[in-house]
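Got a structure for you, written out below as structure tokens; questions coming shortly.
A short reminder: the numbers here are calculations on the coordinates, not readings from a lab. These figures come from a predicted structure and were not determined experimentally. Using ideal geometry, Cβ is built from the backbone for each residue, glycine included, and neighbour counts are taken over all protein chains shown.
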Amino acid sequence: MSEPTVSVIIIVFNGAAFLREAIDSVLAQTFDDYELLVVDDGSTDDTLAIAEHAQGENPDRIRVLRHAGGVNRGMSATRNLGIAHARGEFIAFLDADDVWLPQKLAEQVAIMRADPAAALVYGRALIWRSWQTRSEADDFYYDLGVEPGRVHEPPQLFLRQLRNIDQTPTTSGSLLRRSLIEAVGGFEPVFQAMFEDQVFFSKALLSHAAYVSDATWFKYRQHDSSASARSEAAGADERSRIRYLQWLTGYLESQPGRANELRAVRSTLRDARLSHFTLSVRRALRRLRRG
């Protein structure tokens with residue numbers, strides 16, 4: 001069997017509500033030289049049955065993977081499992097609650113073929129609320145923050161990612177060369193949920209060039225049961241970001257010639273700690289007022 005150009009990896013944990021729609025958006029691609037790996041992270045709902053049914057319908061294209069014993073190991077380890085079984089020159093991730101637009105792979109592969117200097121490509125993410133509200137007026141975009149339509153050399157995009165203001169690379173919206181993933185050592189298993197993608201893209205953007213497009217290639221579904229929504233509701237976002245910045249500090253300390261980037265991370269970490277302390281005090285005062 002010849003190797004596909006692209007390996008598509010969907011990781012999923014208890015994602016039965018949206019998984020089939022994600023799979024169908026891959027099958028609807030206008031570019032057809034790909035394989036699809038659905039990697040289950042120990043789901044206890046109907047996720048596995050849905051994935052295996054899709055595999056049965058498309059046995060030459062879809063493979064279903066699980067961790068040994070069907071255990072839950074978190075998002076980073078599950079992405080790495082998919083990468084270990086992937087055969088493509090390029091890797092594309094799709095989160096199980098998002099959907100791709102049909103031209104996603106065709107346009108991204110064309111960009112990567114045309115510009116070998118780019119190790120990854122990403123575009124705009126449609127912040128997708130209308131799937132539930134039925135009003136497209138509820139959908140929006142974040143600013144890319146840089147000039148689209150060209151390659152940006154490191155570490156420019158890394159430094160913009162630190163600001164946490166613009167849209168930066170997303171797992172569902174990017175296409176990556178396998179050589180990039182191998183060069184940075186894949187995803188960090190210690191980050192099982194929040195900021196696992198930020199950790200990976202920090203490593204990537206520190207050392208590799210990226211092509212930024214103003215095209216829209218996927219819809220980023222907003223819903224209350226997503227990992228990011230649960231984290232925000234629990235007030236855990238600030239703590240998760242501080243943990244990410246602490247890890248990034250240690251990572252940069254081990255990298256020669258990264259003094260400027262290390263100063264930027266340390267400054268961002270100080271600001272994040274101060275912000276977290278201020279928010280904690282405000283929450284405590286609100287609780288006291290409520291008695």
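Among Thr47, Gly69, Ile11, flag the residue with its Cα farthest along the positive direction of the charge dipole of the stretch 1-109, charges on Cβ as +1 for Lys/Arg and -1 for Asp/Glu.
The residue sitting most towards the positive pole is Gly69.
If r is the Cβ-Cβ distance from Ser130 to Arg266 and R0 is 30 Å, what FRET efficiency results, to the nearest 0.05? Before the final figure, lay out each step's value.
On the way: r = 41 Å, r/R0 = 1.35.
Taking R0 as 30 Å, the efficiency between Ser130 and Arg266 is 0.15.
On to the next question. If amide H atoms are built 1.01 Å from N in the plane of the peptide, which residues on other chains or at least 5 residues away come under 5 Å of the amide H of Ala125?
Long-range HN contacts for Ala125: Tyr142.
Could I ask something else about it? For Val39, which sequence-distant residues (separation of 5 or more, or a different chain) have an amide H within less than 5 Å of its own amide H, given hydrogens modelled in the peptide plane?
The answer is Ile10, Ile11, Val12, Leu65.
Translational diffusion coefficient of the chain at 20 °C, 1.002 mPa s, Stokes-Einstein with Kirkwood Rh over Cα pairs, in µm²/s as a whole number. The partial results should precede the final answer.
Values: Rh = 20.0 Å.
In µm²/s, the coefficient is 107.
Have a look at the DSSP beta bridges in the stretch 6-234 and tell me what percent are antiparallel, nearest 5.
On the way: 11 of 35 bridges.
Of the beta bridges lying entirely in the stretch 6-234, close to 30 percent run antiparallel.
Continuing with the same structure: Where does each of 15-26, 85-96 land if you order them by average Cβ count within 10 Å, highest first? Before the final figure, lay out the partial values.
Details: 15-26: 19.6, 85-96: 21.5.
Result, highest mean Cβ count within 10 Å first: 85-96, 15-26.
With a bin width of 5 angstrom, please list the P(r) values of the stretch 1-58 as percents of all Cα-Cα pairs, from the 0 bin to the one holding the largest distance.
4, 19, 30, 24, 13, 8, 2
Next question. Which whole-Hz couplings ³J(HN,Hα) result when phi for each residue of the stretch 198-211 is put into the Karplus expression 6.51 cos²θ - 1.76 cosθ + 1.60, θ = phi - 60°, listed in order with x for Gly and Pro?
Using θ = phi - 60°, the values come out as 4, 4, 4, 5, 4, 4, 5, 6, 5, 10, 10, 7, 10, 8 Hz.
Using the Karplus curve 6.51 cos²θ - 1.76 cosθ + 1.60 with θ = phi - 60°, work out ³J(HN,Hα) for each residue of the stretch 92-109 in order, rounded to whole Hz, and write x for Gly and Pro.
With coefficients 6.51, -1.76 and 1.60, one gets 10, 9, 9, 5, 5, 10, 9, 9, 8, 7, x, 8, 3, 5, 4, 6, 6, 4 Hz.
I would also like to ask the following. In what sequence do Tyr251, Tyr220, Tyr141 fall when counting other Cβ within 10 Å, fewest first? Intermediate values should be presented prior to the final figure.
On the way: Tyr251 18, Tyr220 23, Tyr141 13.
Least to most surrounded, the residues fall as Tyr141, Tyr251, Tyr220.
Right, next: Before rounding to the nearest 500, sum -39500 (n - 2.57) across all DSSP H runs of length at least 4 in the chain and divide by the residue total; then give [θ] at 222 nm in deg cm²/dmol.
Details: 11 runs with 129 residues, N = 291.
It comes out at -13500 deg cm²/dmol, rounded to the nearest 500.
For the stretch 6-234, build the charge dipole from Cβ charges (+1 Lys, Arg; -1 Asp, Glu) around the Cα centre, then report which of Ala92, Leu206, Asn80 sits farthest towards its positive end.
Of the options given, the answer is Leu206.
About the Cα centre of the chain, what is the dipole size in debye to 20, counting +1 per Lys and Arg Cβ and -1 per Asp and Glu Cβ, all else neutral? Can you show the working numbers first?
Numbers: 35 positive and 38 negative charges, 347 e Å.
For the chain, the charge dipole is close to 1660 debye.
OK, next. Please work out the Cα convex hull volume for the stretch 103-167 and give it in Å³ per residue. Could you put the intermediate results ahead of the total?
Values: hull volume 7.0 nm³, N = 65.
So the per-residue Cα hull volume is 108 Å³.
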